[in-house]
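A.B. asks: Following this message is one structure expressed as structure tokens.
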Amino acid sequence: MVRSKSILITASLLAFILGLMYIASGSICIYNWITSSLINGEAILKQFIPSDPWLGIVMISIGLTYNASAYYLMRGNTVLSIASILVGGGLAIIVMGLQVLATLAFVADRLVINEELRLSVIISNLLRIDEILGYVSLIPFLLGYKFYKEMKS
């Protein structure tokens, strides 16, 4: 049980750090949308963080869910801590998957209509902040799933 508890603490700590990153990135998404569309200002890291308010709301929600895992772990509730890691990780992976599918649809569209397909556009679509954080979110999700399986058996 000691080894399992250390896995949960590691997953929860990583989820907490990712949660902070998701909240900051989601806030920047909303800020970019406000500055670029409402006041014609300069967006922050617009190549990596899109100006999309709905993505910002989703990212903040993922971040709060991730941070709840550390809160529940400090309260001694391992079941809710695991649930928060799995739900936050699941949402992060779904958002990442949607962006991958959107990039694949973009590539297929360019190939079907026989237009120029630039590798830089594909790479920039795969290196957005929701993608990068989604790739990293696989780690706490798998650790949380491992702890869940150990706890279940």
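The values are calculated or read from the model by the stated rules, or taken from the named source; none is laboratory data. Here the structure is a predicted model, which means the values were calculated and not measured. Please note: Cβ atoms are built from the backbone with ideal geometry, for glycine as well, and neighbour counts cover all protein chains shown. Ligands, DNA and RNA are excluded from the accessible area calculation, which covers all protein heavy atoms including side chains. Shrake-Rupley method; radii C 1.70, N 1.55, O 1.52, S 1.80 Å.
A.B. asks: So between Ile17 and Val112, what do we pick up on full extension, going 0.36 nm a residue minus the alpha carbon distance?
C.D. replies: Stretched fully, the Ile17-Val112 segment lengthens by 30.1 nm.
A.B. asks: Could I ask something else about it? Taking Rg and Dmax of the Cα atoms in Å straight from the coordinates, which label in (1) 17.8, 58; (2) 19.8, 66; (3) 13.9, 42 is the correct one?
C.D. replies: Entry (1).
A.B. asks: Could you work out the relative contact order of the chain? I mean the mean sequence separation of Cα pairs under 8 Å and 6+ apart, divided by the number of residues, in percent.
C.D. replies: Result for the chain is 29 percent.
A.B. asks: Also: Can you work out the Karplus-derived ³J(HN,Hα) for every residue in segment 4-21? Use 6.51 cos²θ - 1.76 cosθ + 1.60 with θ = phi - 60°, whole Hz, and x for glycine or proline.
C.D. replies: For segment 4-21, the Karplus-derived couplings read 5, 5, 5, 5, 5, 5, 4, 5, 5, 5, 5, 5, 5, 5, 5, x, 4, 5 Hz, x marking Gly and Pro.
A.B. asks: For the chain, with every protein chain kept in place, what is the accessible area per residue (1.4 Å probe, Å²)?
C.D. replies: On the way: 8810 Å² over 153 residues.
Using a 1.4 Å probe on heavy atoms only, each residue of the chain averages 58 Å².
A.B. asks: Can you compute 3J(HN,Hα) from phi for each residue in segment 137-153, using the Karplus curve 6.51 cos²θ - 1.76 cosθ + 1.60 with θ = phi - 60°, rounded to whole Hz and x for Gly and Pro?
C.D. replies: 5, 4, 5, x, 5, 5, 5, x, 5, 4, 5, 4, 5, 5, 5, 5, 8
A.B. asks: What net charge is computed for the residues neighbouring Ser124, neighbours being all others with C-beta under 12 Å from the C-beta of Ser124, Lys and Arg scored +1, Asp and Glu -1?
C.D. replies: Residues near Ser124 contribute +2 overall.
A.B. asks: Another question, if that's okay. Which value in nm describes the separation of the simple spin-label points at Ile57 and Leu126, placed 7 Å from the Cα toward the beta carbon?
C.D. replies: So the two model labels end up 3.1 nm from each other.
A.B. asks: Once fully extended, how much extra length lies between Val100 and Arg75, figured as 0.36 nm per residue of separation less the alpha-carbon to alpha-carbon distance? List each step's numbers first, then the result.
C.D. replies: Numbers: separation 25, 0.36 × 25 = 9.00 nm, distance 3.66 nm.
Gain on stretching Val100 to Arg75: 5.3 nm.
A.B. asks: Identify, among Tyr22, Thr35, Tyr71, the residue whose Cα sits farthest towards the positive end of the charge dipole of segment 1-114, taking +1 on the Cβ of Lys and Arg and -1 on the Cβ of Asp and Glu, with the dipole about the Cα centre.
C.D. replies: So the residue we want is Tyr71.
A.B. asks: While we're here: Of the accessible area of the chain, with the probe set at 1.4 angstrom, what percent is carbon plus sulfur?
C.D. replies: Accessible surface attributable to carbon and sulfur in the chain totals 71 percent.
A.B. asks: Where the Cα atoms of segment 1-83 are projected onto their three principal axes, how long is each span, largest first, in whole Å?
C.D. replies: 55, 18, 14
A.B. asks: While we're here: List, in order, the whole-Hz ³J(HN,Hα) value for each residue of segment 111-118 obtained from phi through the Karplus relation with A = 6.51, B = -1.76, C = 1.60 and θ = phi - 60°; use x for Gly and Pro.
C.D. replies: Calculated HN-Hα couplings, in order: 6, 5, 8, 6, 9, 5, 10, 9 Hz.
A.B. asks: Where does segment 68-152 land on the Kirkwood hydrodynamic radius, alpha-carbon pairs, in angstrom?
C.D. replies: 14.6 Å
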